[in-house]
1. Could you list, in sequence order, the residues of region 22-32 that are open to solvent by less than 30 Å² (accessible area, probe 1.4 Å) and part of a helix (DSSP H, G or I)?
2. For region 62-71, indicate whether the set of residues that are farther than 18 Å from Phe141 by Cα, surrounded by fewer than 17 Cβ atoms within 10 Å (Cβ to Cβ), at pLDDT below 95 and not hydroxyl-bearing (Ser, Thr, Tyr) is non-empty.
3. So, in region 92-120, how many residues would count as being touching a Gly at 6+ places or on another chain (Cβ under 9 Å), open to solvent by 10 Å² or more (accessible area, probe 1.4 Å) and β-branched (Val, Ile, Thr)?
4. What pairs come up if the first residue lies in region 241-269 and is at positive phi, the second is outside any helix (DSSP H, G or I), and their beta carbons are under 9 Å apart, counting only those six or more places apart or on different chains?
5. Hey, does region 122-138 have a residue that's open to solvent by 10 Å² or more (accessible area, probe 1.4 Å), within 19 Å of Leu35 (Cβ to Cβ) and either at pLDDT below 95 or part of a loop (DSSP other than H, G, I, E, B) (or both)?
6. Please specify each residue of region 193-208 satisfying the condition of being part of a strand (DSSP E or B) and either open to solvent by 50 Å² or more (accessible area, probe 1.4 Å) or farther than 16 Å from Glu30 by Cα (or both).
7. Go through region 72-88 and count every residue that is open to solvent by 50 Å² or more (accessible area, probe 1.4 Å) and touching a Leu at 6+ places or on another chain (Cβ under 9 Å).
8. Which numbered condition trips up Tyr182, out of (1) surrounded by fewer than 19 Cβ atoms within 10 Å (Cβ to Cβ); (2) of a type outside the set (S, T, N, Q); (3) modelled with pLDDT of 95 or more?
Amino acid sequence: MTGQIRQNNVDRFNGFGTLYDQSRPQAPEEVAKILTMYLGRAPEYVADVGCGTGLSTMIWLGHAERVIGIEPNDDMREVALSRLRELGSPEKLTFVQGLSDQLPLDSATVDIATCSQSFHWMDPELTLREFARVLRPGGVFAAYDCDWPPAIGPELEEAYERLIEFADQRASELAESGKQAYKWPKDKHLQQIRESGWFRFSREIVFHHWESCDADRYANLAFSQGGLQTALKLEAGEVAAAAERFRDQVIQAFGGETREILFSYRMRLGVK
């Protein structure tokens, strides 16, 4: 990964940390249960890398002795720090600036390292080498992601997908040369873990989680996607108009009610 691509990936999330935090799902408890099971004991130290606003970090407060969230984007990290202050700044939890291939951690100190919705923004070869450095023997690494959009029904899901596809296309067309972010394919995560040579065991686990959702939140889930935010920041007027049409469709479909939506997760893990 070149320095410019790394910076583009970090900058992609500038300016919408609060929207992201209010809309995206908090990591479900299943994450802690699954990874603790593969570790074989309660973790002493958990590192959540590319932690964003801390939605995936907070779940470890009741499961680990120490937790660190590592996030390179200042806007996202500031939201996480604000959440930390609201909790009374517990000593066991910290948030720091850092990159996935240059972790501010000593070697062989971490029991569980996670990437929630973030591993595809990282150079897998360099990142996995760095995770192997900081993990203790028997430590567990996991990259886990939602399938987008969350399940609610065909009409809204198709509209969501059309909007995001259109926004991604226009963001790519409007971005200055050399300013595009780069995503590694999520469906290669398990292969990358296996081929890295750093892990003695690896597998994929699929699980699901229901959440309550109103129209505003469902629309904002789409607005929290990086491609749509990038297109809006590039002043793509036709994308803004399409996004507002999508919001109107969501409001009409929900009819003022709160509905249950299903988040599907895919976790790829490796045991060192």
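The values are calculated or read from the model by the stated rules, or taken from the named source; none is laboratory data. Keep in mind the model is a prediction, meaning the values are calculated, not measured. With ideal geometry, Cβ positions are generated from the backbone for all residues, glycine too; neighbour counts draw on all protein chains shown. Side chains are part of the model used for accessible areas, which takes the heavy atoms of the whole protein and leaves out ligands, DNA and RNA. Shrake-Rupley method; radii C 1.70, N 1.55, O 1.52, S 1.80 Å.
1. Pass one, region 22-32, residues open to solvent by less than 30 Å² (accessible area, probe 1.4 Å): 23-25, 27-28, 31-32.
Selection gives Ser23, Val31, Ala32.
2. Of region 62-71, the ones farther than 18 Å from Phe141 by Cα are 62.
Next, only the ones that are surrounded by fewer than 17 Cβ atoms within 10 Å (Cβ to Cβ) stay: 62.
Subsequent filtering for residues that are at pLDDT below 95 retains 62.
Retained after the next criterion (residues that are not hydroxyl-bearing (Ser, Thr, Tyr)): 62.
Checked against the condition, which is being farther than 18 Å from Phe141 by Cα, surrounded by fewer than 17 Cβ atoms within 10 Å (Cβ to Cβ), at pLDDT below 95 and not hydroxyl-bearing (Ser, Thr, Tyr), region 62-71 yields at least one hit.
3. The total comes to 2.
4. That search, which allows pairs on different chains as well, returns Gly256/Asp214.
5. Looking through region 122-138, at least one residue is open to solvent by 10 Å² or more (accessible area, probe 1.4 Å), within 19 Å of Leu35 (Cβ to Cβ) and either at pLDDT below 95 or part of a loop (DSSP other than H, G, I, E, B) (or both).
6. Initially, region 193-208 is screened for residues part of a strand (DSSP E or B), giving 201-208.
Within region 193-208, Phe201, Ser202, Arg203, Glu204, Val206, His208 meet the criteria.
7. Of all residues in region 72-88, those open to solvent by 50 Å² or more (accessible area, probe 1.4 Å) come to 74-75, 78, 85-88.
Next cut, touching a Leu at 6+ places or on another chain (Cβ under 9 Å) only: 87.
Of the residues in that region, 1 qualify.
8. The one condition Tyr182 does not meet is (3).
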